[in-house]
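First comes the structure, then the notes that go with it.
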């Protein structure tokens, strides 16, 4: 079906439909800045790129529209949705609550091996921060949150966070700079270190500060 499926394999879960895979491919292009806010997404271009028909591409765009990533404009087509500051703050508040719940549910599950893995995730994110690599840092920071959810072992939290994080990643791609990243990472590091010390109240407070620094 696809001439080149390498772009579609990252983060795909077993059993995903073709439109879901295409939606993730388009989302990746948006997050990485290949398609910018307000820019039209041309179905024909995507279908040619992936060597598929336009029908699954159209369905993929509908899935992204449901998630609030794109919007359909009469007589113009589908564009990447620009987000207001109010919308970003609302999504950010949701993400904060979900991560704090993940930290809460993870209590009692941080044995030595899990802590070592969390420490490794932090080291990788710190390395990207020190390189001033904003885009790669965003991905590594999100992996820390995903790991916390995996320890919490709550699929519902992970699913809800996935939806909110898509919006925040699109926003961060266009709005973050090195200073934003460094301020965010300072608080994220303190949160992770608090988890490693089993101080979950502090960990939740620092997550609140970290994400607020990412959107203000």
Name the residue that is surrounded by the fewest Cβ atoms within 10 Å (Cβ to Cβ), counting only residues in segment 67-118 that are within 21 Å of the chain's Cα centre (by Cα) and part of a loop (DSSP other than H, G, I, E, B). 84
Go through the residues of segment 44-58 one by one and say whether even a single one is surrounded by fewer than 17 Cβ atoms within 10 Å (Cβ to Cβ) and on the phi > 0 side of the Ramachandran plot. yes
Residues satisfying the stated conditions in segment 119-165, i.e. more than 21 Å from residue 186 (Cβ to Cβ) and not in a helix (DSSP H, G or I): 153, 154
State yes or no: is residue 45 in the same structural domain as residue 21 (by TED's automatic domain parsing) and in a helix (DSSP H, G or I)? yes
Based on this model, can you work out whether residue 160 counts as in contact (Cβ under 8 Å) with a residue 12 or more places away in the chain, closer than 22 Å to residue 39 by Cα and under 13 Å from the mean Cα position of the chain (by Cα)? no
For segment 177-189, check the following and say yes or no: at least one residue is under 22 Å from residue 28 (Cα atoms) and surrounded by fewer than 16 Cβ atoms within 10 Å (Cβ to Cβ). yes
Tally time: how many residues in segment 135-176 are farther than 23 Å from residue 20 by Cβ and surrounded by fewer than 17 Cβ atoms within 10 Å (Cβ to Cβ)? 5
Considering segment 1-26 alone, what residues qualify as being at pLDDT below 85 and either in contact with a strand residue (DSSP E or B) (Cβ under 9 Å, 6 or more places away or on another chain) or surrounded by 13 or more Cβ atoms within 10 Å (Cβ to Cβ) (or both)? 2, 5, 7, 8, 12, 16
Pull up segment 27-43, narrow it to residues that are modelled with pLDDT of 90 or more and closer than 27 Å to residue 134 by Cβ, then point me to the one that is surrounded by the most Cβ atoms within 10 Å (Cβ to Cβ). 41
Please go through segment 64-105 and pick out each residue that is without any contact (Cβ under 8 Å) to a residue 60 or more places away in the chain and closer than 16 Å to residue 210 by Cβ. 93, 97, 101, 102
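The values are calculated or read from the model by the stated rules, or taken from the named source; none is laboratory data. Computed from a prediction, not measured in an experiment: that's the story for all the values here. Cβ: placed from backbone, ideal geometry, glycine included. Neighbour counts: every protein chain shown.
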